[in-house]
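Since the structure comes first, as C-alpha cells, the remarks are kept for the end.
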Amino acid sequence: VDKPLTEEESLFNSLWVLLSSSQSLAGGEKKFSTMALRTLSTFPSLPRRFTRREPNLTVVYRNPKTSIFCKSIANSETPVSLSERDGFAAAAPTPGERFLENQRAHEAKKVVKREIKKEKKKKKEEIVRKVVDTSVSCCYGCGAPLQTSDVDSPGFVDLITYELKKKHHQLRTLICGRCQLLSHGHMITAVGGNGGYPGGKQFVSADELREKLSHLRHEKALIVKLVDIVDFNGSFLARVRDLVGANPIILVITKIDLLPKGTDMNCIGDWVVEVTTRKKLNVLSVHLTSSKSLDGVSGVASEIQKEKKGRDVYILGAANVGKSAFINALLKTMAERDPAAAAAQKYKPIQSAVPGTTLGPIQINAFLGGEKLYDTPGVHLHHRQAAVVHSDDLPALAPQNRLRGQSFDISTLPTQLSSSPNGESLNGFTFFWGGLVRIDILKALPETCFTFYGPKALDIHVVPTKSATDFYQKELGVLLTPPSGKDQIQEWKGLQSHRLLQIEIIDSKRPASDVAISGLGWISIEPIRKTRGTEPRDLNEAEHDIRICVSVPKPVEVFLRPTLPIGASGTEWYQYRELTDKEEEVRPKLYF
C-alpha cells in the first residue's frame, strides 16, 4: 500500500503530469512547459517511487529543428551509478578549475623538461670523460699515451724507467723517445689519413686527432686560436665554431717576425681585423705576436688573465702554426709574475718543424687560480700543400727567415726571354713556383708586376706558355722541387687542379689583389709597377682586369684576397676604412 503523499511530492507529481502532456501543447503554451521544466530542475533528486515504470520516450520540447527528450532510467540497459541517478554526479569544471588544471599541466611539463635536460647533460659528461681520460699518463712533450711495447711508436719509454717513475708517482715527468729525436732535429711524422702526410710513419689519422677536440663544444673554456700570417687563409680555420661551440675566442696571429722589413703593424692589424670581420667570426680581441722575439705575447697573457674567469684555456690552431712555440713564449712571459707558470716551464711541450708534433692534449698547470692551460693537437687540413708533398720535403715549405719578395715584370726577364710572345708584356708566359704551382698569364698590362712571398727553398722559373708543359715534365724533381727524389716523382700526381682568376683593377696606384696558395705563401699582383720619380698612368677601357690560370695539386686551395700591406710601400697605399659607431662597438680590439 502506497504511503500518503507529502505536499512536496504532490507538487512534483503535478509538474510531471504537465510535462508528460506537453506534446499536445502549441504556440504560447510551450512557454509554460519550459517554465515547468525549469521548476522541475530545482528539485535535488527524483523520488524513486515517482520514477516512470515504462521506458518509453516522452517528448518534453519539440521544435522542427531541435528536439529534447527525457528518458526513464528505471529499466535502462545502460548501467547508471547511484550518485548519477540521485542527481549527485560531478558538475562541469568551472573556469577557475580549468585554469588550475592548465597550471598543473604546465608545471608537470617543466619537470619533464628538466629531467630530459639532466639526462642530456649526463650524456655530455660521459662523452667528455671518454675523450679526456686523465687516468692514462702521457708524454709531456707530445701528449701521446706512454707505452713500453713498440719502440717506433710515439709515447715509447724504457720499461725500467717507466716502472721507476711509476713507483715514485713521477710519470708526468717522462718524455717519449720520438720527442727526444724531434728535439735533435729529426723529421718524424706520425699523422696519416685525410689531411695527413704521405711517406714516413703514420701512427694516427688526422680524423682521430680532430676527434680529440670534439669535447670542447660541450665544455666552458676560453679558446686561444692561432693563425699563421704567412699562410693566413690556409690556417685560419673558418669553421672553428664546429669545434669549440659558443666558447669565447682570442685570435692570435703568429710569425709576424717573418714579414718584410718596414712593415707597419697598424696596417697589418687593421687588415687582419677587416678580413676577420668579413668571415663573421665573433672574437674578443686580435693580437699580433712573435714567439721568437716575444712581441705581443705579454698582451695575450694579460687578455687571458682577464677573460678566463675560472675556465680552462685551450690553445687551438691548424697544424704547424706554432702552437707549442707560442705556449713556451707564453709561459716565459707569465713566469715573471706567476710562480705556477715558472714551475710549468720545466716540463713544456716539445716544438719542431714537423707538422703533427703534438698528438694529444697536454695539460699544463700554468695558473695560480687552478685553471689549466692545454696544448692541443693541430687541426690537419687536407687543402694545404703539406698534405700532398712527401714528408721528406716538408722542411722546404717552412720559411726560416724574414720574407723577401721576388718580383717579376717584363723588364726583369732573362735576355733570351725578353722578346715576349704577345708584345711587351708578360702575356704568354708561365711561372713555376717549384714543382707545386703553375701560373699562366693570360692577360696583363705591359707594366704588371708579380711578387712572390714564400719559402726561399722553392725557386721560381719563367718560361713561354707554349713550352711550359714539356719544361715541367723534363725538369720535375731537378729544377722544379719539391717533389724531390725518384720515389716521390713516381708517386707525384701532377698539377690536376686549375683555377681561372679574373682580377679587377680598381685603382692603378694600388696593388690589385693577392693570390694565396694554401700552405705555401702568396703572390701580390701590381697592375702598374711604381718606380721612383714616376706616377702610374691612367688606364683605358680595355685595361681594367688581369686574367691568370693557377694550377696546383688536388686538393690544394687557391684564395683571392685583398692585398696584405707589407713593406714600406704598404704604408703608402693602404687605406683605413671609416667605421660607424655601431661597427666600432662590435669590432674586436687590436693589440701588438
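The values are calculated or read from the model by the stated rules, or taken from the named source; none is laboratory data. Predicted, not measured: the structure shown is a model, and the values here were computed from it. No Cβ is skipped: glycine too gets one built from the backbone with ideal geometry, and neighbour counts run over all protein chains shown. Keep in mind that these areas ignore ligands, DNA and RNA; they rest on the heavy atoms of the full protein, side chains included. Shrake-Rupley method; radii C 1.70, N 1.55, O 1.52, S 1.80 Å.
Taking Thr263 and the conditions (1) open to solvent by 10 Å² or more (accessible area, probe 1.4 Å); (2) under 17 Å from Lys323 (Cβ atoms), which numbered condition does it fall short on, given that it satisfies the others?
Tallying (1) open to solvent by 10 Å² or more (accessible area, probe 1.4 Å); (2) under 17 Å from Lys323 (Cβ atoms), Thr263 fails exactly one: (2).
Here's the yes/no breakdown for (1) under 22 Å from Thr358 (Cα atoms); (2) under 14 Å from the mean Cα position of the chain (by Cα); (3) open to solvent by less than 40 Å² (accessible area, probe 1.4 Å); (4) basic (Lys, Arg):
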residue: Asp242; (1), (2), (3), (4): yes, yes, no, no
residue: Ile253; (1), (2), (3), (4): yes, no, yes, no
residue: Leu258; (1), (2), (3), (4): no, no, yes, no
residue: Asp270; (1), (2), (3), (4): no, no, yes, no
residue: Lys306; (1), (2), (3), (4): no, no, no, yes
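If I go through the range 202-236 residue by residue, how many of them are open to solvent by 20 Å² or more (accessible area, probe 1.4 Å) and in contact with a Gly (Cβ under 9 Å, 6 or more places away or on another chain)?
Summing the residues that are open to solvent by 20 Å² or more (accessible area, probe 1.4 Å) and in contact with a Gly (Cβ under 9 Å, 6 or more places away or on another chain) in the range 202-236 gives 12.
Answer with yes or no whether Gly519 is within 19 Å of Gly454 (Cβ to Cβ), buried (at least 18 other Cβ atoms within 10 Å of the Cβ) and not assigned by the TED database to the domain that holds Ser407.
So Gly519 does not fit the description; no.
Pairs please, first residue from the range 357-375 and free of Cβ contacts under 8 Å to residues at least 40 places away in the same chain, second anywhere and assigned to a loop (DSSP other than H, G, I, E, B) and open to solvent by less than 20 Å² (accessible area, probe 1.4 Å), Cβ atoms under 7 Å, 6+ apart in sequence or on different chains.
Leu368/Asp338
What's the number of the condition Pro399 fails, among (1) more than 30 Å from Glu208 (Cα to Cα); (2) touching a Leu at 6+ places or on another chain (Cβ under 6 Å); (3) open to solvent by 30 Å² or more (accessible area, probe 1.4 Å)?
Evaluating Pro399 over (1) more than 30 Å from Glu208 (Cα to Cα); (2) touching a Leu at 6+ places or on another chain (Cβ under 6 Å); (3) open to solvent by 30 Å² or more (accessible area, probe 1.4 Å) leaves (1) as the failure.
Return the residue satisfying two criteria in turn: it lies in the range 180-201 and is open to solvent by 40 Å² or more (accessible area, probe 1.4 Å) and at pLDDT below 75, and of such residues it is nearest to Pro482 (Cα to Cα).
Filtering the range 180-201 for residues that are open to solvent by 40 Å² or more (accessible area, probe 1.4 Å) and at pLDDT below 75, the one nearest to Pro482 (Cα to Cα) comes out as Pro198.
From the list Ser298, Ser324, which one is within 25 Å of Val230 (Cα to Cα), within 22 Å of the chain's Cα centre (by Cα), of a type in the set (S, T, N, Q) and in a helix (DSSP H, G or I)?
From the options Ser298, Ser324, the qualifying one is Ser324.
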